[in-house]
1. Can you give me the distance in nm between label points at ALA448 and ASP792, each placed 7 Å from the Cα along the Cα-to-Cβ direction?
2. Under a plain spin-label model, where a point goes 7 Å from the Cα along Cα-to-Cβ, how far apart in nm are VAL300 and GLN799?
3. How many percent of the accessible area of the stretch 361-422 is carbon or sulfur, using a 1.4 Å probe?
4. Calculate what fraction, in whole %, of the accessible area of the stretch 650-762 sits on carbon and sulfur atoms when a 1.4 Å probe is rolled over the protein chains.
5. Once both axes come from the Cα atoms, what is the angle between helix 50-74 and the longest principal axis of the chain, in degrees from 0 to 90, rounded to 10?
6. I'd like the orientation of helix 120-147 relative to the chain: the angle between its Cα long axis and the longest Cα principal axis, in ° from 0 to 90, rounded to 10.
7. Order VAL551, VAL94, VAL172 by their accessible area, 1.4 angstrom probe, all chains in place, largest first.
8. For ALA76 and ALA204, what is the calculated FRET efficiency with R₀ set at 30 Å and r taken between the beta-carbons, to the nearest 0.05?
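The values are calculated or read from the model by the stated rules, or taken from the named source; none is laboratory data. The structure displayed is predicted, hence computed values, not measured ones. Here the Cβ is made from the backbone with ideal geometry for all residues, glycine too, and neighbour counts use every protein chain on show. Each accessible area value is taken on the protein alone, full model and side chains, heavy atoms only, with ligands, DNA and RNA left out. Shrake-Rupley method; radii C 1.70, N 1.55, O 1.52, S 1.80 Å.
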Amino acid sequence: MSPDTPASGKDPGSRFLFPLILLFVGSGCAALIYEIVWFQMLQFAIGSSAVSLGVLLATFMGGMCAGSLSWPRLVAAGRHPLRVYAALEAGIGVIGLLVLFALPLAGNLYAAVAALGFPGVTLRAVVAAVCLLPPTFMMGATLPVIARWIETTPRGVSWLGFFYGGNTAGAVLGCLLAGFYLLRVHDMAFATYCAAALNFAVAAIAWLLAARAPHRAVETVATVVPERAGAARAWAVYVTLGLSGLCALSSEVIWTRLLSLMLGGTVYTFSLILSVFLAGLGIGSTVGSMIARDARRPRVALGWCQLLQAATIAWAAYSLGNTLPYWPIDMTLGADVGVNFQMDLVRCAVALLPPALLWGASFPLALASLAAPGQDPGRLVGGAYAANTLGAIFGSLAGGLVFVPLLGTQHTQQALIGLTLVSALLAFGSLIDVSNRAAVGRWAGIAAACVVVAFGLVRTVPSLPWPLVAYGRQLMLYSTEGTESLYLGEGLNATVGVTEWQDVRSFHVAGKTEASTLPKDMRLQRMLGHIPALFHPAPKSVLIVGCGAGVTAGSFLNYPGIERIVICEIEPLIPARIAPYFAEQNYDVVNDPRVEIVYDDARHYILTTREKFDIITSDPIHPWVKGAATLYTTEYFDLVKQRLNPGGVVTQWVPFYESDAAVVKSEIATFFEAFPGGSIWGNDESGFGYDVVMLGGAEPMVLDVDAIEARLVRDDFAPVRESLDEVGLGTVLDLFGTYAGRDVDLGDLLDGAEINRDRNLRLQYLAGLQLNSDEGRALYGPLLTYRQFPSDLFQGTTQTLDAVRAATGLWNP
């Protein structure tokens, strides 16, 4: 019977190829939508640190690995593959909907248990496993299940490469659809409904196809490779697949970090990077399948694929370090964000497509290398997929949590080149008859050549350029002449650096300047500390979200009543290595006995701690950075209120630069929704908005100007006066003169503003479109026109209030 005959049940043939590929496109699209949504939702509970993300990724991929390996052993080969596939897709849709509603409950339970002191990483893993393992177990089973529709010949197995390519193409579509439309325009619930609808549609079509495509179970034999040599050769291919997955995911971790420096770490950048990488895998898998169909020695092709892979890793490393950052592109000139995205896409493709193509081709070539008549195709595919996924899990965890922090991106990429060449030697070695001395000699010659090639390739991998860490996407706008790099470090969660130009010292994180000793930046950092410390009548405890240069945290050291300061910082390098460079400005805050440094992301810490504070403030965190929007939602501000003592106050930074009016309005309106009666205090530059400090309280606030001035002139407040005077705010009138309005004044201005909530994280999508814009700065002038003198907020003698009116320019009674 011809393999194109459907009744054979062994090869889908041309008649069913197209609909089956479409089914895998749909399931791949749904899977990526789920992955993005679940990761986003789970991060609210277990945090967004590198450890938490590692737990999430390992759980997600581990579930797929377990499903691919176990399912063929759980389901009899006689079951119709399309009906089993339909049941799996329907099950994924049902569980996807359940997870949507169960995750908030899991988050609440996690917070309650974590507050009791249960081990953090263990608890995070348990929550992730409960939520992610059931659906991902089913996702991992889909390819092994459909594999039972074909014969285990190289030609038959090659069809699986097309299915895998279709699944990856769907993943690309899901990544772009979720990142650029579903979550930007709608929310996580809507995205989940779309993914579940895709699952149900795929399940229905698969069930209908099953009625028209009779299936006859493939006859298998008990043992396919009984001799030891055959088993050893098979294991060599499995190890090659595992190393391929390890190198692929480790490289993706590294290159995502480097590209986010270059393009800006927005949610759109991460979507573009992932989509290009997945597209390369899909195209490569399709090409590899075409090669595998007629390859007489697929293991030779697999070996050459790995050899070329080493060269493409070196190419990507060289491009990302030596060429792409220096393309003469000024992204701030692009009026249309679509044009900027096109340029970002091109740069991602130049670096990532070549290696991704070869990683994609490795899978079908490995399947063809392992295939032998009589095997259970489900077990064949499940074992190969599991080997590749196990390597990917190890690579993603080790790459982000071990290799980069210990070795740096340069040496890690060099090590990956070496590992890729080892995988090539394993693929070639699987062909060798060890009793044949000539064959062993040829293999030894290949090994020697690989050592020479490796030595040449690793020398092309450049070190991380400090201007990229400092200036990122704006690198071509800055001259590095006269600028000295004082420190460059690659940590668990971020790449950081310190530079000095003339007398200005700057702190950089992930391609952007986070803090500096410029007067306008120093003023903002001091305002975030002094405004809440002076406006609270007797503060004793403070929580600072983010260490930064330590200037905000250090401001509190000058207050005689402060007894405890907690700094919550996600990147360990920042307090240990960055803050000391600003010891003069931050009063050596990290070494003060009143200070405790907690290494965690702030949202997770505030969710799980039982401690309450008089003041909670933040060191500047740009809202367009992926993940930062979780610190600007109404739910986050509600958590902050729960951690305030009675009479406690909170300040939040809002930048007007790298932004537009819609983004600024969203940040202000969201804060005011959580803190009614909140106010704004401006840090302008030549009349334009540079940034502002928003002030809110657990209860309605009253600012007694006379009492504040009385404290400020006390002898024990002399360090406070000196600290304020250094940034031009040496008197109470200077400080109150920065008043820029409050919620009751700005109703008309903020009408229609997007409220940033956990379920949509609207701010990261708004801000991510405007990081190359400065239109937000023009909002400051109109904002000031809405101000009214807040007689119920400011209290004092008539003479004092008149002086404040003069300082603010508000003469209306």
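1. So the label points at ALA448 and ASP792 sit 8.9 nm apart.
2. 10.0 nm
3. Ligands and nucleic acids excluded, carbon and sulfur give 70 percent.
4. 47 percent
5. The angle comes out at about 20 degrees.
6. 30 degrees
7. Details: VAL551 0, VAL94 75, VAL172 25 Å².
Of VAL551, VAL94, VAL172, the descending order of accessible area is VAL94, VAL172, VAL551.
8. FRET efficiency, ALA76 to ALA204: 0.80.
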